[in-house]
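Beneath this line is the structure, given in structure tokens, with notes to follow.
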Amino acid sequence: MTTALLDHATLAGIKELEASDDAEFAVRLLANTPTHEGRDPALLRQWARAATEFGSAMPQVEAFARVVESNDGLTKGLLARYTSRPAPTVEVFTDVLALAEELIDRLDWRHWYPAGSLRAAAIAHEAIHEQLHHGPAKKALKRSLGHVVLHAGHHRLYGHVAGADEIAAHAYAGTVCGLGRSPLLLTSALTVAVRTPHGSPLGRKK
């Protein structure tokens, strides 16, 4: 598929996304995440803001995983994915990456997503997930979200907020790679432009 095949209605839909504030994409991500059905929109917005600020403030880490490339991302509905076994690996799907780069040029978004920055951001996004799933960063993210599930005296137990680590990873990648807009804008644009053979939108899975 090429973005030259996008019809007027699809391009108009993407342009509507462009007019949205980046914070809205993070809120939508949480709203569309299972377990958040019926949550107060104000609470989702609070969590989205906290996760974005946390990810943006994370110190840059060296990518320790090896990087491999595949060309069947459109079939899988993936731009990149991280696997920990048998060795930490970030798999970048070149067909989706090429389509995203073409879409950036078609929409005149190159000033937001400079050449080479999208691949770097995909790798940074996956690499930071390891930090967010284990160790101090995981606990710190929970505290920053403030989702208390148990309060006994001076002790508080902070619960997991599904989707918050994804928002933090996007914010981290956008910051360390110098993107002018959130990676979530581009992800949303790709979702409008591309659908997998099974009809599900292009996204990221672990």
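Computed quantities for the displayed model
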| read-out | value |
| --- | --- |
| Subset tally (residues that are over 14 Å from Val27 (Cα atoms) and either modelled with pLDDT of 95 or more or among the polar types (S, T, N, Q) (or both)) for the stretch 188-206 | 3 |
| Candidates Ala168, Ala120, Ala152, Ala140, filtered to the one that is at pLDDT 90 or above, open to solvent by 20 Å² or more (accessible area, probe 1.4 Å) and either over 28 Å from Ser20 (Cα atoms) or in contact with a Gly (Cβ under 8 Å, 6 or more places away or on another chain) (or both) | Ala140 |
| Residue within the stretch 153-164 that is small (Gly, Ala, Ser), in a helix (DSSP H, G or I), touching a His at 6+ places or on another chain (Cβ under 9 Å) and over 21 Å from Leu103 (Cβ atoms) present | yes |
| Matching residues in the stretch 1-52 - criterion: being in a loop (DSSP other than H, G, I, E, B), under 17 Å from the mean Cα position of the chain (by Cα) and of a type outside the set (Asp, Glu) | Ser20, Asn32, Thr33, Pro34 |
| Residues satisfying the stated conditions in the stretch 98-117, i.e. open to solvent by 20 Å² or more (accessible area, probe 1.4 Å) and either within 21 Å of Val192 (Cβ to Cβ) or part of a strand (DSSP E or B) (or both) | Ala98, Glu101, Glu102, Asp105, Arg106, Asp108, Arg110, His111, Trp112 |
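The values are calculated or read from the model by the stated rules, or taken from the named source; none is laboratory data. In this text, all values refer to a predicted model and were calculated from it rather than measured experimentally. Because the Cβ atoms are built from the backbone with ideal geometry, glycine has one as well, and the counts that use them run over all protein chains shown. Accessible surface areas use protein heavy atoms only, side chains included; no ligands, DNA or RNA. Shrake-Rupley method; radii C 1.70, N 1.55, O 1.52, S 1.80 Å.
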